[in-house]
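Report on one structure; see the data block that follows.
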Amino acid sequence: MHISKLTLVNYRNFANTQLVFKEGVNTIIGENGSGKTNVFRAIRLLLDDSLLRFAYKLDERDFFRGIGDWRGHWIIISLEFEKISQDESIQSLFLHGTGNIMSGAVTRATYNLIFRPKYEIRLALSELAEGDQAGLAKIRNEITIEHYEAIFTGKSEADFNDGEVYKTIVGDFDAVKFNEELNFSEIGSKIPGILSVAKEISFTFVQALRDVISEFQNNRTNPLLTLLKSKSGEIDPLVFQPIADLVNGLNTSIEALDDVQEIRNDITSTIKDAAGETYSPTSLSIKSDLSDEADKLFQSLKLFVGESEQGHEGPIHELSLGGANLIYLTLKLLEFKYQKAKQSFANFLLIEEPEAHIHTHIQKTLFDRLNFADTQIIYSTHSTHISEVSNVENINILGKHHGKCEAYQPSVGMSPTDIRNVQRYLDAVRSNLLFAKSVVLVEGDAEEILIPAMIKKVLGVSLDELGISLINIRSTGFKNVAVLFHDFRIRKKCGIITDLDAAIIDTTPVPADFEALKSYKLKCLASQTAGIARKGILEAFEHGNPWVKTFFADHTFEVDFIKSGNAAQVVATIPEVYTDSATITRAKNDIESGDIARYGKRVLRMAAQEGKGWFAILLSKQIDHQTVIPDYILDAIFFSYPSVSNEVWVNILNYRLRCIQGAAAIPSPEIVEFRTKLRAFKSGTMTFEEIRNAMLATFAADKINDILGSF
Amino acid sequence: MFVWDANDLNEEQADAIQKVGSVFLVACPGSGKTRTLTYKIAYELSKITSNKKFVIAITYTHRAADEIHERVENLGVDTSQLWIGTIHSFCLEWIIKPYFIYHQSLKNGYRVIDSHDKDKLLESLCEPYKHQKITIWDCEYYFSKEGYVLTCPELGKHASLQKIFAEYFQALHDAKQIDFELILWYSHQLISTVPAISELLSNLFSYILIDEYQDTKDIQYDIVCSILKAGQGATSTFVVGDPNQSIYESLGGYAIEPTLFGQMANIELVLLELSQNYRSTVRLVDYFGNYNFFDTTIVASSDERHYPSLITFDSTVTKDTLPDEIVRLIKYNVEVKGIAPNEICVLCPQWVPLASMTRQLVAKLPSYSFDGPGMAPFGRDMDNFWYKLSKIALTEPSPLMYVRRIRWAADVLRDLEDAGADVTRISKKSLLRECNSIVLAEPDGLIYLRAFFEILCDRLDIPIASHLTLKDHYEAFFASAEARVKLLIQQGSDSLGTVVNFRKVFQARRGVTLSTIHGVKGGEFDTVIAFALLDGMVPHFRAPKQEESAKKLLYVICSRARKNLHLISESSRKRGYSYYTPTEALKQCQFTYDD
């Protein structure tokens, strides 16, 4: 049996989301603050015995904040299990409470924690007339968290992710529409009192921790003691008796020490001297209190580990942090193995950010091997090292959108071939695209080097700050990766930048063409034809998918770079490409010719001579704030990053002002005045349109205006 | 493993308990049936090692369930894997509550109607048929596998009754309510349409024990057998009872043939008997042997089996002199024979003559106390939530009562939760603590209970009005109790309405017991006095097999007595235009009665 689905409704930073799990190892990927810890907490509320009591103590802070007024709403945490067996009697109690019966047989199980208003509130809501806003407000005003109850149900059929289902069962608060019916079989029946799900299964949670040494020093959290405790109960009394005898002998010997007896006598006589015979205790002794009970004796056992070559074994706190973490994780895994040996029918191991425990180089090995039979492992991570070894089909990605977190399953609905391709790609180039807020895909080194440089120099903010990951596919096989971005899968924007490879010369053959020109024309024509074909394929691919869009350079990146008005930047690189002065002059003339056939051919020749990557590095040194970013690149950036926040605009405009001021020690009056306006914009007293128009009017020549103007 | 002292059980009993697999046990009266059942439960519980296996014991009454539960606990066995209760509670707890969502009529919620409300509903539905003389007394019914069965013997009324019941079921359906018979009906439907239920349950039950099988209905046999059958031999059963004591046939109860039971459950059954009667004297055993319809073996084995039993039969006393005669018999037994009053039981086949006899005896014997029908100020419906709570409200905390009160508290909590109240902050102990801390000086029983409930609900933060089940039960409980207290006060004295009298409901019996024959089930007394043993009453004129039915009733009456038995077929009781005559089977019995 394994968890197949986790549904979260109105819980913490999740408005309504679903995570899908498979048998074996599962990964939850997400940046910080995307809700990984809350996902684990939700699972633990239902399955972790030690957290069960908190399930009854949810409060207003557990409601999804974006819901606004939480009063009246429900929190639903729902787990679905698959691969269950109705015939195994070990599962019967669990299925008696949770098994969903379909056409006479149990095929899956559901187990839900529902935190909802108590009956009297639900009754009052159900009696509201449709649209009775005042009535609703009155009821809600009286609701406190004391009016809430937590119930556990099983056998639910409702799809809690469906907003309409929520409205039917809980109600529509905007329209004030509440169902007269108060009982919904869809939410399932209450878990019978005889069933404690947490006790039926084995469940271990390994927390991401920062201070493993103190965990070891704390008796309650020390994983070694937990292991020993589980063993101390099994010790054969016959084997232990001689040890207990030795301890008792030891106690007697210590007590009998002359020095100890002397102190005892001194205490007794001093009391008598001080308090007198009448008020003194009648007897007094010093006893050695070494326990002869196994579990207490075991508490004195400590782990010693040798890390260095010399064979010296030291206590945990002498270990390197990485070493201590590895030991900690190992002991927790062993604890899980012990628990699993208790023969529960389902085993769950949740590991929070294993990268917090171990060095990156061990991570890969560990998770390749971490595969217990009959065990479902779910770990969360923000390490690309771990996610690259996990199967894309077993991944949930958490993302944050407008303050609410959502989960995506990157491989939903993909064909096995597609999955294989993506998997291969992820394995090869690291999986950081799974972590990005949005993605721009490019085909080569030139784009990878120059686009970030242009953005940084022109806008003053980096792609990272905008949350865009630029990913170099190193070919035009965009589809293999872009397929991940889809309504069903990762709901993040993915812009694609590629070349259309339109010919820069007239390719019509003329009889007078000599051989070299003939073949050049043919080559250009072939590229052009291929480009048109590629365009057709990409446009068909992205059709109807709002998450993916392709942006084309008319010709080739380098050519379009000049075409956009950056001839000067290219010219500046010529001395680094050519040494022969005649060639330098020719090249300069070509680049500045304004004839695409000439500058195109020249720049491509230069790039070919230096290697595209190296030429891009040369070029990147010349990029400054006056560089013109080609439109198709800007379009791709702003497709992936559609809503530029005011804060980012403030940063951009401030940067531009600094550029305009340049080396001048004293800012011009225009700059001073504009800075005042910018402060007004920042504080919200000025709108974006006003600041934009001000910028356009004041600094009409600035390059940023081309970009500003299009917003 | 649970072991017992060799003296605890005789060979037959020990044999039945240790037999591996399923057992069908016919137990004669006084043969230690309950003891055997108790030890069997303890024995099977001690064999359970997993918290996923349960021993299920189905008893005929709540009282029997409570008693057996307590006795198992007193044997020192962990009872956490024991579930014991009536077949109705069983169906509710194990079938309806977990699986109601799979029944079209239950899926949108259900409440169990209080029997007082049920009566009121039926009364109002009978109203339009007054001219046909149809009253609520004609409305007794039960469910068989095929559907509901009217028990009214007057077939002429059936057409109208069917209309009444159509309306009755519709009214329940509209109000999302179910009565006790519907619990069985819906459970049976769930079990037969959703096979997974039987399969899951059979995996959970290591044993299903059935007490008093002779009073079990076919629908109940069917439910239990479906589960046993699904277990394919992994779930065993232990069926106990006495076919001779099958006196609920008019309500559909019957003693199934063991082989048929085995076939329905598809299991091997071992047939065993408990034949040693430890209750009655040789003379009594000989006597009630005359009514042994199924020819079971009975051997008088009591230590006092040679006590010189008095067995009398009086058919000369008239209806009018009957009370004096019964007074004489009571006094004789107490004063001459030295029998304690609480060891005397007066039996009558029917409710109405018994109630009138009770009133006359109370008046004629002011120095005696009586426990009889209508003597209790409330408590007609033991499944009423407020009845359950009043058990705690009207008993004092004491170490002796602790285990029992904790169990009642658990019951109350479960009902609260089922009613939809939030009980996460209440535990059994905290509930008891709250109850114990309520001290009221109010002398009037009803006012006391109302105040008690109000304070408690306030402290537990459970508004009665917002939970339909609690509200329904509350109104029904007080409506029924008020009517009864009013009647009691009219007929007797004001003291019957006091808290002191209310508390007696839950105290051990101290006076002479008055009971119907059906109500005395399982009881035993030193002296039994039975009257109205008249043809038409014993057996009931509606009963199908007159002679068999009469014998079974006589068998039950006579086998209750340890020492003395007084049978009375009073003359001059009017029956239509003539008079009742003594029961035929009694008349024909050849026996040398005492004078």
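If I filter segment A:538-553 for residues that are within 28 Å of A:Val458 (Cα to Cα) and β-branched (Val, Ile, Thr), do I get at least one hit? Within segment A:538-553, one or more residues are within 28 Å of A:Val458 (Cα to Cα) and β-branched (Val, Ile, Thr). For segment B:396-423, filtering for residues that are in contact with a helix residue (DSSP H, G or I) (Cβ under 6 Å, 6 or more places away or on another chain) and either of a type in the set (Val, Ile, Thr) or at pLDDT below 85 (or both) leaves 4. With a requirement of 3 or more residues that are farther than 27 Å from A:Asn183 by Cα and in contact (Cβ under 8 Å) with a residue 12 or more places away in the chain, the helices (runs of 4 or more DSSP H) lying completely within segment B:58-150 that satisfy it span B:62-74, B:115-126.
Restricting B:Ile223, B:Ile227, B:Ile183, B:Ile210 to those that are within 14 Å of chain A (Cβ to nearest Cβ) and either within 27 Å of the chain's Cα centre (by Cα) or not aliphatic (A, V, I, L, M) (or both) reduces the list to B:Ile227.
Screening segment A:22-114 for helices (runs of 4 or more DSSP H) wholly inside it with 1 or more residues that are more than 14 Å from chain B (Cβ to nearest Cβ), within 15 Å of A:Val9 (Cα to Cα) and small (Gly, Ala, Ser) returns the ranges A:36-47. Comparison of B:Glu524, B:Glu482 shows that the only residue that is under 25 Å from the mean Cα position of the chain (by Cα), surrounded by 15 or more Cβ atoms within 10 Å (Cβ to Cβ) and of a type in the set (Asp, Glu) is B:Glu524.
Screening B:Thr424 against (1) among the hydroxyl-bearing types (Ser, Thr, Tyr); (2) part of a loop (DSSP other than H, G, I, E, B); (3) in contact (Cβ under 8 Å) with a residue 24 or more places away in the chain leaves a single unmet condition, (3).
Quick check on segment A:193-205. Is at least one of its residues within 14 Å of chain B (Cβ to nearest Cβ), more than 30 Å from A:Tyr328 (Cα to Cα) and either touching a residue at least 12 places away in the same chain (Cβ under 8 Å) or assigned to a helix (DSSP H, G or I) (or both)? Checked against the condition, which is being within 14 Å of chain B (Cβ to nearest Cβ), more than 30 Å from A:Tyr328 (Cα to Cα) and either touching a residue at least 12 places away in the same chain (Cβ under 8 Å) or assigned to a helix (DSSP H, G or I) (or both), segment A:193-205 yields at least one hit. Mind checking which residues of segment B:235-290 are over 23 Å from the mean Cα position of the chain (by Cα), among the hydroxyl-bearing types (Ser, Thr, Tyr) and assigned to a helix (DSSP H, G or I)? Selection gives B:Thr259, B:Tyr287. Taken as a whole, segment A:208-229 holds no residue that is within 58 Å of the chain's Cα centre (by Cα), surrounded by 13 or more Cβ atoms within 10 Å (Cβ to Cβ) and at pLDDT 85 or above. Out of the residues in segment B:360-395 meeting the condition of being within 14 Å of B:Val505 (Cα to Cα), assigned to a loop (DSSP other than H, G, I, E, B) and of a type in the set (A, V, I, L, M, F, W, C), tell me which one is modelled with the highest pLDDT. Checked segment B:360-395; the qualifying residue modelled with the highest pLDDT is B:Leu394. Residue-level check: of (1) touching a residue at least 12 places away in the same chain (Cβ under 8 Å); (2) exposed (fewer than 15 other Cβ atoms within 10 Å of the Cβ); (3) outside the structural domain of A:Thr98 (by TED's automatic domain parsing), A:Ala175 misses just (3). No other residue among A:Leu182, A:Leu79 is hydrophobic (A, V, I, L, M, F, W, C), out of contact with any His (no Cβ under 9 Å at 6 or more places or on another chain) and under 27 Å from B:Ile462 (Cα atoms) apart from A:Leu182.
Checked against (1) among the acidic types (Asp, Glu); (2) under 30 Å from B:Lys47 (Cβ atoms); (3) more than 23 Å from the chain's Cα centre (by Cα), B:Glu167 meets all criteria but (2). Does B:Lys471 satisfy being among the charged types (D, E, K, R), over 26 Å from B:Val112 (Cβ atoms) and in a helix (DSSP H, G or I)? The answer is no for B:Lys471. Scanning segment B:321-340 for residues that are in contact with a strand residue (DSSP E or B) (Cβ under 6 Å, 6 or more places away or on another chain) and surrounded by fewer than 21 Cβ atoms within 10 Å (Cβ to Cβ) yields a single hit, B:Ile339.
Restricting attention to segment A:602-636, the residues being assigned to a helix (DSSP H, G or I) and more than 15 Å from A:Asp554 (Cβ to Cβ) number 16.
Applying a threshold of 9 Å to beta carbon distances and a minimum spacing of six or more residues, or different chains, the list of pairs starting in segment A:21-41 at a residue that is over 16 Å from A:Lys404 (Cβ atoms) and ending at one that is among the aromatic types (Phe, Trp, Tyr) and assigned to a loop (DSSP other than H, G, I, E, B) reads A:Ile29/A:Phe435. Do we have any residue at all in segment A:126-135 that's crowded, with 20+ Cβ neighbours inside 10 Å, away from every other protein chain (no Cβ under 14 Å), among the small types (Gly, Ala, Ser) and touching a Gly at 6+ places or on another chain (Cβ under 9 Å)? Checked segment A:126-135: no residue is crowded, with 20+ Cβ neighbours inside 10 Å, away from every other protein chain (no Cβ under 14 Å), among the small types (Gly, Ala, Ser) and touching a Gly at 6+ places or on another chain (Cβ under 9 Å). Is it the case that segment B:533-543 has a residue that's farther than 27 Å from B:Arg328 by Cβ, basic (Lys, Arg) and either more than 23 Å from the chain's Cα centre (by Cα) or modelled with pLDDT of 85 or more (or both)? No; the residues of segment B:533-543 include none that is farther than 27 Å from B:Arg328 by Cβ, basic (Lys, Arg) and either more than 23 Å from the chain's Cα centre (by Cα) or modelled with pLDDT of 85 or more (or both). Looking only at residues of segment B:40-64 that are within 16 Å of B:Gly241 (Cα to Cα) and buried (at least 20 other Cβ atoms within 10 Å of the Cβ), we find that the one that is farthest from the other protein chains (Cβ to nearest Cβ) is B:Tyr60. Every test in (1) in a loop (DSSP other than H, G, I, E, B); (2) of a type in the set (D, E, K, R); (3) within 14 Å of chain A (Cβ to nearest Cβ) is passed by B:Glu199 save one, and that test is (1). One residue stands out among those in segment A:151-192 that are within 14 Å of chain B (Cβ to nearest Cβ), within 30 Å of the chain's Cα centre (by Cα) and part of a loop (DSSP other than H, G, I, E, B): the one that is farthest from A:Asn100 (Cα to Cα), which is A:Ala158.
The values are calculated or read from the model by the stated rules, or taken from the named source; none is laboratory data. No experiment lies behind these values; they were computed from the predicted model shown. Here the Cβ is made from the backbone with ideal geometry for all residues, glycine too, and neighbour counts use every protein chain on show.
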